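Each remark here refers to the structure printed beneath this line.
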Amino acid sequence: MEFSYADILDMLSIKHNVTKDKVVAFRGRLQHFQRLGFPAGANTGKGHMVAYSWRELFLIGLALDCLEIGSTPDRSVNEIVKFEDVFLSAVARVARGGQADDGGEFACFLIVELSNLMSLKAENDWSQTVKLLSHSDLMEILSSEGLDAHRSPYALIDLRQFLAGILNASFETLDGSKTKIISDLKNWASQQPDVD
């Protein structure tokens, strides 16, 4: 399945509850990502039509989620390109049904530090690790004893909710049945390598 720029704009506008009178400003956010060359391979230059795939939709969707939680476009893009493969692999696992290959718990919570003050810290204090956490891992962090492995400020993104938001928006936007859209997503997911 391929998406046009208008499809991407419509789906992500719906996902983020952008009002009709603010769509032009929202489009400006997407254009800023394009000027940054993000996502790689999707910026063909002015006047050229681009066919977007699930990959680009998910990457742009994650970048917008990062903006929602207070990151800048530049910071979001700089971090996302570092863990793109891990992120896409995790989204693909969620799309395939969210089961761990070994029968254990599935890691579906993305934890990432997007601090705008990072560049002001000593480089050895930079916490640039992006990890996927299972429900148990998350409960350990949030327990009264707390796990000190992940210090604030960090963001948690539930990839199940992320994917559900994009899918619901695609059902409202795209031509074709829900069954066809889900089938195409599962086909994309089955072709993604598992990356940890």
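The values are calculated or read from the model by the stated rules, or taken from the named source; none is laboratory data. None of the values given here were measured: they were computed from a predicted structure. Cβ: placed from backbone, ideal geometry, glycine included. Neighbour counts: every protein chain shown. Heavy atoms of the whole protein, side chains included, go into the accessibility calculation; ligands, DNA and RNA do not. Shrake-Rupley method; radii C 1.70, N 1.55, O 1.52, S 1.80 Å.
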Revision key, fill the gap. Counting only residues in the stretch 89-122 that are at pLDDT below 75 and part of a helix (DSSP H, G or I), the one farthest from Ile157 (Cα to Cα) is identified as Leu120
Check your understanding: Would the stretch 38-50 turn up any residue that is modelled with pLDDT of 90 or more, buried (at least 22 other Cβ atoms within 10 Å of the Cβ) and under 16 Å from Leu159 (Cα atoms)?
Key -> no
Review point. So is Val86 open to solvent by less than 20 Å² (accessible area, probe 1.4 Å), assigned to a helix (DSSP H, G or I), at pLDDT 80 or above and not basic (Lys, Arg) or not?
Key: no
Exercise for review: Report yes if some residue within the stretch 3-15 is farther than 30 Å from Thr179 by Cβ and either without any contact (Cβ under 8 Å) to a residue 60 or more places away in the chain or part of a helix (DSSP H, G or I) (or both); otherwise report no.
Suggested key: no
**Study point:** Criterion violated by Gln161 - all others in (1) out of contact with any Gly (no Cβ under 8 Å at 6 or more places or on another chain); (2) at pLDDT 70 or above; (3) in a loop (DSSP other than H, G, I, E, B) satisfied
**Key:** (3)
Review point. Going by the conditions given, is Leu67 open to solvent by less than 20 Å² (accessible area, probe 1.4 Å) and either aliphatic (A, V, I, L, M) or modelled with pLDDT of 95 or more (or both)?
Key: no
Practice item. Quickly run through the stretch 71-83 and pick out the residues that are in a helix (DSSP H, G or I) and farther than 13 Å from Phe58 by Cβ. Key: Pro73, Asp74, Arg75, Ser76, Val77, Asn78, Glu79, Val81, Lys82
